[in-house]
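Participant: Got a structure for you, questions after.
Since every read-out is calculated from the coordinates, none of them should be taken as a lab result. Since we're looking at a predicted model, the values are computed, not measured. Cβ sites come from the backbone with ideal geometry, for glycine too, and all protein chains shown count toward neighbours.
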Amino acid sequence: MRILATTGVLLLLTGTVWTQRAATPPPTDLTKGTAMNAAELHAAIARLGDERPNASARVFTLAGPNSPYSVNVEHRTNQPQAASLHDADAEMFYVIDGGGTMVTGGTIVEATRNGPNLSGKGIEGGIPRTLAPGDFFMVPEGVAHWWSQVDPAGMNVMSIHFPRVK
């Protein structure tokens with residue numbers, strides 16, 4: 001009788017595990033993830049080339065269009081940069097190579113609105129921080145930020161936008 005009861009319990013548990021496995025949804029673009037090794041990243045940066053030689057930044061996006069996160073790689077030049085403020089996103093910068101001075105806080109000069117963002121010519125009264133390869137900096141939502149200086153040879157940074165959690 002014990003053997004019969006034990007066998008019944010095992011069959012019941014096996015059926016439960018089988019049902020759980022069958023209920024697992026197939027992977028989608030959001031569950032697969034995005035991977036890029038260092039060589040692929042630097043090759044993609046090199047492909048940016050001089051597509052927009054007069055622009056202060058050239059960008060390519062790593063994340064898919066359905067992702068809630070915007071992950072960009074930006075090649076910034078030693079030309080004047082625009083200041084920004086994002087009402088609904090925090091933004092993290094990771095310096096890949098090169099470097100520059102990030103100013104945060106203060107007031108955006110000649111600010112104009114573009115949806116939930118402000119941009120302008122610079123910042124008055126902010127706090128400067130020098131960033132070098134391997135450094136990262138998180139800018140909270142609602143905080144003005146600006147690359148006031150970029151290395152003469154330019155810099156490559158990864159920027160990740162984190163939307164406000166509702």
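Participant: Quick one: net charge of residue 109's neighbours, Cβ under 11 Å, K/R +1, D/E -1?
Facilitator: -1
Participant: Shifting gears a bit: So the label point goes 7 Å from the Cα of residue 72 along Cα→C-beta, right? Which residues of segment 106-127 then have their backbone N under 15 Å from it?
Facilitator: Answer for this model: 114-120.
Participant: According to a simple spin-label model (label point 7 Å from Cα along Cα-to-Cβ), what is the distance in nm between residue 158 and residue 132?
Facilitator: Distance between the two pseudo-spin positions: 2.1 nm.
Participant: Determine the shape class of segment 75-166: with a ≥ b ≥ c the square roots of the Cα gyration tensor eigenvalues, call it rounded for a/c under 1.5, and otherwise prolate if a/b is greater than b/c, oblate otherwise.
Facilitator: oblate
Participant: Hey, another quick one. Along the Cα-to-Cβ line of residue 42, 7 Å from the Cα, sits a label point; which residues in segment 79-96 have backbone N less than 19 Å from it?
Facilitator: Counting only backbone N, you get 94-96.
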